[in-house]
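This report refers to the structure that appears directly beneath it.
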2 protein chains.
Amino acid sequence: MKKYQLMAPGPTPVPSNVLLAMAQPMIHHRTPAYEALFTEVRAGLKKLFQTAQDVIPFTCSGTGALEAAVVNTLSAGDTVVVVRAGKFGERWVEIATAYGVNVVELVAPFGETVPAARVQEALAKTPGVKAVLTQHSESSTGVLHDVASYAAVTRGHDAILIVDAVSSLGIADLQMDAWGVDVVVAGSQKGLMLPPGLAFCAVSEKAWRHVAASKLPKYYFDLAKERAANAKNDVRFTPAVSIVVGLREVFRMLEAEGYPNVFRRHDRLARATRAGVEALGLQVFAKTNPSPALTPVLAPRGIDSEQIVAAYSQTHNITIAGGQGEMKGQLFRLGHMGYAADFDVIVALSALEQVLASLGVPVDFGASIRGAQKVFAERV
Amino acid sequence: MKKYQLMAPGPTPVPSNVLLAMAQPMIHHRTPAYEALFTEVRAGLKKLFQTAQDVIPFTCSGTGALEAAVVNTLSAGDTVVVVRAGKFGERWVEIATAYGVNVVELVAPFGETVPAARVQEALAKTPGVKAVLTQHSESSTGVLHDVASYAAVTRGHDAILIVDAVSSLGIADLQMDAWGVDVVVAGSQKGLMLPPGLAFCAVSEKAWRHVAASKLPKYYFDLAKERAANAKNDVRFTPAVSIVVGLREVFRMLEAEGYPNVFRRHDRLARATRAGVEALGLQVFAKTNPSPALTPVLAPRGIDSEQIVAAYSQTHNITIAGGQGEMKGQLFRLGHMGYAADFDVIVALSALEQVLASLGVPVDFGASIRGAQKVFAERV
């Protein structure tokens, strides 16, 4: 028996109590039972997003809600600034381009970030920029972009700041209202430890003004119409009922732990993972601001990272992820977000030692565990 | 104890074995386990849609896939013909209009259908029509439109036939390839007895040529790009993994029953329901071609149908649905699709007798059951 372990950077494991809550008999979405559920979930979303604004759910993957952010706030011919430092930065470019929006790209090499000063400079230099689009946690590189500083720039400008927080919400602190972030997008299958299929857009007052001016066509992802339905505790289209049921369970878990503790837990898991892989002589890929959601690691010289991913799977029944885009073959990515705890990191590192040894890499067995354990032993 | 019974026309009850299959530990969508699952599901979809074409899944509600059908086959300024004889016919008009597509409406009163001759006439009279859009089962009225005859018209014309089969697929026979239907749209939460959150587009060769010419912007719902990913047994975006897992279970159930039997079962449930309500002196709303998916019924004179819906819920813990749009207050709608069997109809009718009596309507107790039982006793 090899226990199956899902340690990829999303989808992430779903706790059994949540799976069983979702396995309850289906309910209709226009009933008192669903209305009570939706009321509780809408309140939980505001806490999660740290906003007084409504958070609008859509039945879709995270990318659907990224598209919603674009088509609701922009018009064809508009110009936006995109922080592009990984595969998900490229996704913003692809979506904007598909809708005839011009993109000024602020490129950083994979593994690095774009300083807020470059955002400021781009806004100063480019007339009429309507929005700045970025990730919070860039899942392809494991870098956390400095959203607070980007927001400090856009707050003094007509442009809105749109943040893909799919792999950071409920993982890293993102203070939407306090920092002045305008649109925050998240999904169900990362920090929220749910199956994929539900995603969210939270929208600031400033961004709602952009919504009013937006001319891009939309129907399914129409934020203003969905907001109006939500204001009556209703939805325009049949929602992903079972995932909404699961979300209530998740909010009860997260709020019992307390968000500051949730963020500290993820930070600890990430630091322990980094300490572990570095103790094996491996190099964490993020050169700056490593994300608390996942840890991409460079494969040892001469080893294709896909071999590491395959050995995790085939020998140990553990799913991790490889490199994406230009990093394919060079990186393996360990997820530690959502339903993730200290000893999951110990498992991931123990498996890594076995995997490396099986590929002929000299391994000081136990070294990665020692590194991680020291982090876990720290007095908080 | 009042047993909860979901008897609305979608979402529909999910069988316990499917709920429990979906409650298995989350798996990643880029693993051998998911690839085997997706291979089986893709094969099952072709059988369900009665097509040799690929059927493309999207993570969204049914309406998302309706939008996908429009944005992938049309361009702004195109003209389409819409069969509008209910709320979902109106939805086609709304989607087309949102994307700058001109609509020639073929209107029939709620409860009636549009004969194929009117479709033929509209195509003859209107130059350059690109598509005919219709429902198969119009859930707001309980009428089944004659898709086979519409297809006989469009087969000899450049226009493609796009069919919203959200509440008919796996319920009523829809022979996509044999009839020559070009785009068929369906969702997970009706005949497929799954939670909402997964929807599908199947596309004919003729329609793929329209896709190649379409200029409407799209990204999340890009059929051609999703088809290319599916051809490698992959998906572009994280799919609704748990619903796909459930879909495999559902296909095993449906294929064990056999689709001809599935269609016969639904036809029988619908005929029994109609016989039952008519035995109580009530009037089935569909004046022609009643749908096997659901039975909308006119409330007795002097009774608001919302009172009937409320009594079902409050007194008997049964969810049915009321009238939509202009029929609000006049209709109640009984669903009998998906995980629905003979004695569910008996329950729905027994409750109806109690509900009517409680509202002061004289009821010949047992009359509706007698009507339904005679249908069930027929030799097949």
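The GluC sites (Glu not before Pro) of region A:276-380 that meet both conditions, a loop assignment by DSSP and at most 15 other Cβ atoms within 10 Å of the site Cβ, are A:E378. In region A:16-256, Rg over Rh equals 0.97, where Rg is the alpha-carbon radius of gyration and Rh the Kirkwood radius from pairwise Cα distances. For region A:183-283, the calculated P(r) over all alpha carbon pairs, in 5 Å bins from 0 to the bin holding the longest distance, is 2, 9, 14, 17, 16, 13, 11, 7, 5, 4, 2, 0 percent.
Using a Förster radius of 35 Å, what is the FRET efficiency between B:K328 and A:T97 based on their Cβ-Cβ separation? Nearest 0.05, please. Could the numbers behind the result be given before it?
Numbers: r = 43 Å, r/R0 = 1.23.
Taking R0 as 35 Å, the efficiency between B:K328 and A:T97 is 0.25.
When B:T315, B:T141 are sorted by how many other C-beta atoms sit within 10 angstrom of their C-beta, beginning with the fewest, the order is B:T315, B:T141.
Using alpha carbons only, how many degrees (0 to 90, rounded to 10) separate the axis of helix B:241-257 from the longest principal axis of chain B? So the inclination is approximately 70 degrees. The angle separating the long axis of helix B:259-279 from the principal Cα axis of greatest extent in chain B is about 40 degrees.
Between the alpha-carbon centers of region A:213-276 and region A:135-210, tell me the distance in whole angstrom. Answer, in whole Å: 11. Taking 7 Å steps out from each Cα toward its Cβ at B:T39 and B:F376 produces label points 4.2 nm apart.
When only Cα pairs under 8 Å and 6 or more residues apart are kept, what is the percent relative contact order across region A:16-256? Relative contact order comes out at 29 percent.
Look at the stretch B:56-68: the mean tally of other chain Cβ atoms within 10 Å of its residues' Cβ atoms is 5. Qualifying trypsin sites (Lys or Arg not before Pro) in region A:166-249, where qualification requires a DSSP coil assignment and no more than 14 other C-beta atoms within 10 Å, comprise A:K215, A:K232. Computed per residue of chain A from DSSP H runs no shorter than four, each worth -39500 (n - 2.57), the mean residue ellipticity at 222 nm is -13500 deg cm²/dmol. If R0 equals 51 Å, the separation of the Cβ atoms of B:K225 and A:R30 corresponds to a calculated FRET efficiency of about 0.90. Treating the angle as unsigned and between 0 and 90°, give the value, to the nearest 10°, between the Cα long axis of helix A:32-49 and the longest Cα principal axis of chain A. Taking the Cα atoms of chain A, the angle to A:32-49 is about 70 degrees.
When the P(r) of region A:230-356 is calculated, the portion above 26 Å amounts to 35% of the C-alpha pairs.
So, R0 is 25 Å and r is the distance between the beta-carbons of A:R248 and A:E205; what FRET efficiency does that work out to, to 0.05?
On the way: r = 28 Å, r/R0 = 1.11.
With a Förster radius of 25 Å, E is 0.35.
Can you give the log10 of the normalised intensity I(q)/I(0) at q = 0.20 Å⁻¹, computed with Debye over equal Cα scatterers of region B:1-84? Taken in order of the listed q values, log10 I(q)/I(0) reads -1.25.
Is there a simple number for the mean count of other chain Cβ atoms within 10 Å of the Cβ of residues in A:283-293, and what is it? Let's see the in-between values first.
Values: counts 0, 0, 0, 0, 0, 0, 0, 0, 0, 0, 0.
Mean inter-chain Cβ contacts per residue within 10 Å come to 0.
Which pairs break 18 Å Cα to Cα here: B:K87/B:K328; A:K87/A:K328; B:K47/B:K232; B:K3/B:K374? Pairs exceeding 18 Å: B:K47/B:K232; B:K3/B:K374. What is the dipole size for the protein assembly as shown, taken about its Cα centre, with +1 at each Lys and Arg Cβ and -1 at each Asp and Glu Cβ, in debye to the nearest 20? Value, rounded to 20: 300 debye.
Are there trypsin sites (Lys or Arg not before Pro) in region A:1-48 that DSSP puts in a loop and that have at most 12 other Cβ atoms within 10 Å, and which ones? Mind dumping the intermediate values first?
Working: sites: A:K2, A:K3, A:R30, A:R42, A:K46, A:K47; in loops: A:K2, A:K3, A:R30.
Passing both the DSSP loop test and the Cβ count: A:K2, A:K3.
Straight Cα distances below 20 angstrom link A:K130 to the lysines A:K206, A:K215, A:K218, with same-chain residues fewer than 8 positions distant left out.
Over all Cα atoms in the protein assembly as shown, the spread is summed up by Rg and Dmax: 26.9, 86 Å.
Annotation: extensible slack from A:N317 through A:N289 equals 7.0 nm (criterion: 0.36 nm per residue apart, minus Cα-Cα distance).
Read the figures in this text as sums done on the coordinates, not as results from a lab. Computed from a prediction, not measured in an experiment: that's the story for all the values here. Note: ideal-geometry Cβ built from the backbone for every residue, glycine included; neighbour counts use all protein chains shown.
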